[in-house]
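Throughout, read-outs are computed from the coordinates displayed, never taken from laboratory work. Quick caveat: nothing in here was measured; it's all calculated off a predicted structure. For neighbour counting, all protein chains shown are included, and Cβ atoms are generated from backbone atoms with ideal geometry for every residue, glycine included.
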DNA sequence: TTGAAAGCGATACCAT
DNA sequence: ATGGTATCGCTTTCAA
């Protein structure tokens with residue numbers, strides 16, 4: 001590994017000048033700077049990250065802690081964070097908060113020991129880690145007071161509900177996997193909020209058994225709102241085998257806009273998270289803190305959008321009358 | 001940030017002793033070592049990664065370059081690599097080879113500048129990058145001569161084919177997305193290899209249009225082998241709307257065992273990659289090189305396994321006779 | 001068993 | 001415009 005000293009001695013100059021030239025601060029004559037640059041590439045010089053980090057006190061690396069990069073959405077977020085960080089000249093060190101709060105804590109600790117300049121953490125299941133050693137940005141839901149950047153799951157839920165209201169649906173089934181998940185709860189809450197007073201709805205959790213779709217349909221339900229694309233897909237396929245075609249008999253809407261949403265027939269109408277924006281704000285916020293411009297660390301909330309596809313359609317006239325059923 | 005010197009002066013001893021004690025090399029008296037450890041935790045000492053890296057010439061960080069962490073399987077691999085690296089006391093810096101070979105090259109360069117000790121690279125689309133600056137492990141297919149750790153896509157293809165042969169199927173449709181993908185080609189090749197002489201088959205690529213499933217079924221096809229779960233899912237849902245039930249009318253098999261394989265109805269029979277083993281070998285190999293035990297850098301190939309689920313079933317007696325159709 | 005001191009590579013202050 | 005030099009925190013010989 002060549003270092004600045006070797007470039008310097010190769011040119012018969014001082015190491016300090018080499019540093020100045022390479023830093024491009026303009027303290028060196030254009031001529032010498034060029035020769036230094038030439039020599040550097042000639043020797044294949046690569047600046048030592050360790051040397052620089054030791055002197056400057058900054059590693060140029062930020063840590064990313066997520067519950068499980070295997071879960072949907074997280075890979076996209078990681079990808080986007082890496083892209084944004086790269087634009088800022090920062091690297092991203094990943095760490096998995098394997099199972100539970102302890103894993104999260106030790107993952108954070110490990111990152112700090114590796115000398116990261118800051119940490120972006122997507123907290124594990126409603127936990128709200130506080131990091132004191134380095135600047136950090138918590139990416140969670142608006143209901144978490146420590147969350148700096150949040151995905152507006154309630155708004156996403158409202159979006160799903162209003163989209164189907166506009167299509168004329170009035171009787172809904174809301175399905176989640178797990179009532180203990182704050183994210184799922186927020187989504188369901190948002191749906192319920194938008195529906196209250198305008199339509200009838202029932203909330204079901206698959207952890208307590210899969211709903212009887214035929215019965216629900218017979219009772220007037222024409223639209224099903226789910227908390228995930230996977231769940232929406234399951235509903236559609238289950239319905240299909242029972243003879244209920246989507247979107248003719250029932251409209252179904254998913255969440256997260258996974259790749260599968262475009263791969264299945266009918267394609268899935270889905271509520272799509274703005275991962276790009278989430279990552280942008282997370283990195284920007286952390287970068288601002290790192291650049292001493294720590295003043296604008298205001299919380300921000302990122303909305304979902306909707307992708308209309310084939311799994312949702314207009315309600316049949318039969319189901320349009322809200323007075324047919326009690327609220 | 002407290003450092004060793006502060007611990008030393010706080011205890012009225014030398015910094016060297018602190019270093020020795022904390023390194024646990026046993027050169028220090030048990031008693032003193034304990035007091036040093038106590039003082040360290042008291043002061044909240046965190047060793048400086050930069051200082052250590054500068055001195056030892058090793059950062060304890062390895063880079064992971066992948067085409068697109070958004071694509072299926074890659075997140076799992078990244079996750080597994082991070083886990084394995086963690087066991088070895090190594091961190092993982094991720095980098096995306098955004099679009100094409102250039103992005104890959106610059107991603108690798110960026111990692112080197114960040115001072116990684118080694119790089120694991122999953123090459124972009126059949127490229128075969130050669131890294132000279134640091135030790136590296138290429139994770140690709142057996143057909144790539146530079147690949148150190150390979151996933152045996154051909155074997156996976158054979159596995160899919162033989163599984164359906166054993167169920168009595170004889171007339172097959174092989175579907176891929178893109179004939180330019182080496183991975184997909186290997187999988188298809190493996191299928192064709194296992195089928196040749198035992199059954200009839202046709203290969204189709206969705207990039208040239210989606211096959212007419214009704215026509216194929218009418219022509220005797222009872223099993224469809226795909227190169228991905230997403231494609232399998234599309235086939236199943238498309239077939240369902242055409243009145244072809246899976247697995248009664250046709251058996252369908254996917255690849256990669258994505259989470260969705262267990263979430264849809266019918267659940268997907270799928271060829272599952274051993275990401276854990278792939279990552280284990282990748283990290284182990286790199287770690288061996290880093291530990292100077294560079295001798296055993298033998299290439300290794302990791303086989304796929306199969307997860308039998310609901311999307312495949314026995315062929316109906318009608319389709320069992322191979323003589324009904326020409327080879 | 002413990003300490004003194006050199007040095008890893010880059011940077012920034014202070015001279016010249 | 002350029003050079004000398006101290007310094008960041010840690011490790012590692014060599015001495016005591």
Open item on the list: Under a crude label model (7 Å from the Cα following the beta-carbon direction), how far is residue A:143 from residue B:277 in nanometres?
Closed with: 4.3 nm
TODO: Could you work out the per residue convex hull volume over the alpha carbons of region B:215-288, in cubic angstrom?
DONE: 87 Å³
- [ ] Express the relative contact order of region B:158-241 as a whole percentage, based on alpha carbon pairs under 8 Å and six or more residues apart in sequence.
- [x] 42 percent
- [ ] Give the order of B:204, B:185 when sorted by the count of other beta carbons within 10 angstrom, beginning with the fewest.
- [x] B:204, B:185
Open item on the list: As a check on your reading of the symmetry: which chain A residue has its Cβ nearest the axis that brings A onto B, and how far is it in Å?
Closed with: A:75, 2
Open item on the list: Compute the angle between helix A:275-290 and the longest alpha-carbon principal axis of chain A, please, reported from 0 to 90 degrees and rounded to the nearest 10.
Closed with: 40 degrees
Open item on the list: Test of understanding: in a Gaussian network model of chain B with alpha carbons linked when under 10 Å, which of B:109, B:55, B:30 would top the mean-square fluctuation ranking?
Closed with: B:30
TODO: Go ahead and set up a Gaussian network model of chain B, Cα springs under 10 Å, then flag whichever of B:317, B:145, B:211 fluctuates most.
DONE: B:317
Open item on the list: Using only DSSP helix segments of four residues or longer, with each worth -39500 (n - 2.57), what per-residue ellipticity at 222 nm results for chain A after dividing by its residue count and rounding to 500?
Closed with: -12500 deg cm²/dmol
TODO: Evaluate peptide B:246-253: per residue, the Cβ atoms of other protein chains within 10 Å of its Cβ; return the mean as an integer.
DONE: 0
Open item on the list: If I build a Gaussian network model for chain B, linking alpha-carbon pairs within less than 10 angstrom, which residue out of B:128, B:282, B:14 has the largest mean-square fluctuation?
Closed with: B:14
- [ ] Take the eigenvalues of the Cα gyration tensor for region B:166-309, scale each by 5, and report the square roots as semi-axes in whole Å, largest first.
- [x] 34, 16, 13
- [ ] Could you compute the FRET efficiency for residue A:316 and residue B:245, with r as their C-beta to C-beta distance and R0 at 41 Å, rounded to 0.05?
- [x] 0.95
Open item on the list: With only alpha-carbon atoms in the gyration tensor, what are the semi-axes of the equivalent ellipsoid for region A:110-236, in Å, largest first?
Closed with: 36, 15, 10
Open item on the list: With the cut-off at 1.5 for a/c, could you classify chain A from its C-alpha gyration tensor as rounded, prolate or oblate?
Closed with: prolate
- [ ] Note the full-extension length gain between residue B:6 and residue B:181 as 0.36 nm times their separation in residues minus their Cα-Cα distance, in nm to one decimal.
- [x] 57.2 nm
Open item on the list: Under the convention of a label 7 Å out along Cα→Cβ, give the distances in nm from residue A:44 to the same position in every other copy, shortest first.
Closed with: 4.4
- [ ] Would you mind calculating the relative contact order of region A:4-47 from Cα pairs under 8 angstrom and at least 6 residues apart, reporting the percent as a whole number?
- [x] 36 percent
- [ ] Would you mind checking the tilt of helix B:100-113 against the longest principal axis of the Cα atoms of chain B, expressed as 0 to 90 degrees and rounded to 10?
- [x] 20 degrees
Task: Other protein chain Cβ atoms within 10 Å, averaged over every residue that makes up A:255-264 - done: 4
Open item on the list: What does the C-alpha gyration tensor say about the overall shape of region B:51-108? Classify as rounded when a/c is under 1.5, otherwise prolate if a/b is larger than b/c, or oblate.
Closed with: oblate
Open item on the list: With the alpha-carbon atoms as the only input, what is the per residue convex hull volume for region A:4-47 in Å³?
Closed with: 58 Å³
Open item on the list: Report the per residue volume, in Å³, of the convex hull enclosing the C-alpha atoms of region B:151-207.
Closed with: 63 Å³
- [ ] Distances from residue A:220 to the same position in the other copies: list them in nm, one decimal, shortest first, using label points 7 Å from Cα along Cα→Cβ.
- [x] 5.5
Task: Cα-based equivalent ellipsoid, region A:1-142: semi-axes from gyration tensor eigenvalues, Å - done: 41, 14, 12
Task: Label geometry 7 Å along the beta-carbon vector: residue A:166 inter-copy distances in nm - done: 5.2
TODO: When a/c is below 1.5 the answer is rounded, else prolate if a/b is larger than b/c, else oblate, so apply that to region A:166-251 with a ≥ b ≥ c taken from the square roots of the Cα gyration tensor eigenvalues.
DONE: oblate
Open item on the list: Rounding to the nearest 10 and keeping the result within 0 to 90°, find how far the Cα-based axis of helix B:182-195 lies from the longest principal axis of chain B.
Closed with: 50 degrees
TODO: Can you tell me the relative contact order of region B:107-179? Whole percent, Cα pairs under 8 Å, sequence separation 6 or more.
DONE: 18 percent
TODO: With viscosity set to 1.567 mPa s and temperature to 4 °C, compute the Stokes-Einstein D of the protein assembly as shown, Rh being the Kirkwood radius across alpha carbon pairs; µm²/s, no decimals.
DONE: 47 µm²/s
- [ ] Report, as an integer, the average count of C-beta atoms from other chains found within 10 Å of each Cβ along B:111-118.
- [x] 4
